[in-house]
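Below is the structure I would like to discuss, written out as structure tokens.
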Amino acid sequence: MSEHVQTALRVAVVVGSTREGRFGPTVADWFVRQAELRDAIDVDVVDTGQVELSHTFGAATEHPSLAAATEKLARADAFVVVTPEYNHSYPGSLKNLIDLHHSEWQAKPVGFVSYGGISGGLRAVEHLRPVFAELHAVTVRDSVAFPNPWGRFDADGALSAPDEAEAAAAVMLDQLSWWGEALRTARAVRPYGK
């Protein structure tokens, strides 16, 4: 009788901002450290600031940086999108990355870490949920939000004081892990859409 071998959940952390001087990498690095505290999670980072995202379908997919991002998204079991809020929504660069892919998102869970002004980026997250639903992805209920985050991190990118964000990250990672493992098993038994 063969024994079921559980492998670590592969989580792709998507950094959604490309603006010069962006705060996204600070937030993403913090979240990656939270995820890496769990032995059952392997993290890959897809940074839109390092991917050629020309919105010409077909031609853009040949760019090496986009091909590398596509490979990371395809092998992921789950995703965490780190997004700022721009004008009550999420960045165009993130939309381009999402739209240049389809099957990579299917039947996989998506969690969110957002940041911004007083809302902490939650309006961006609410705009992303129906986009991922259209792509047949499952968004987890709980997220991590950083209202006015700029003074909350020290020079090394760590939270300057113990914070409820760590507890929120733990809850979101629990949900993401449950869905990620369940959907990975389901895809292995029966490929999605077949």
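Bear in mind that the values in this text are calculations on the coordinates, not laboratory data. This structure is a prediction, so every number in the text was calculated from the model and none was measured. Ideal geometry is used to build each Cβ from the backbone, glycine not excepted, and the neighbour counts take in all protein chains shown.
Return S114, S160 ranked ascending by Cβ neighbour count within 10 Å, so the fewest neighbours appear first.
S160, S114
Once phi is turned into θ = phi - 60°, what whole-Hz ³J(HN,Hα) does the Karplus curve with 6.51, -1.76 and 1.60 give for every residue of the range 181-186, x standing for Gly and Pro?
Listing the rounded values in order: 5, 5, 6, 4, 4, 5 Hz.
Just from its helices, what would the mean residue ellipticity at 222 nm be for the chain, if runs of 4 or more DSSP H residues each count -39500 (n - 2.57) and the sum is divided by every residue, rounded to the nearest 500 deg cm²/dmol? Show your work: numbers first, answer last.
On the way: 5 runs with 72 residues, N = 194.
After summing the helix terms and dividing by residue count, I get -12000 deg cm²/dmol.
Return a whole-number percent for the relative contact order of the range 9-189, with Cα pairs under 8 Å and 6 or more residues apart as the contact set.
For the range 9-189, the relative contact order is 23 percent.
Please report, in debye to the nearest 20, how large the charge dipole of the chain is about its Cα centre when each Lys and Arg carries +1 at its beta carbon and each Asp and Glu carries -1 there.
That gives the chain a dipole magnitude of about 580 debye.
Fewest to most neighbouring Cβ within 10 Å: what's the order for Y86, Y115, Y192?
Y192, Y86, Y115
Arranged by the count of other C-beta atoms within 10 angstrom, fewest first, what order do W179, W150 take?
Fewest to most other Cβ atoms nearby, the residues stand as W150, W179.
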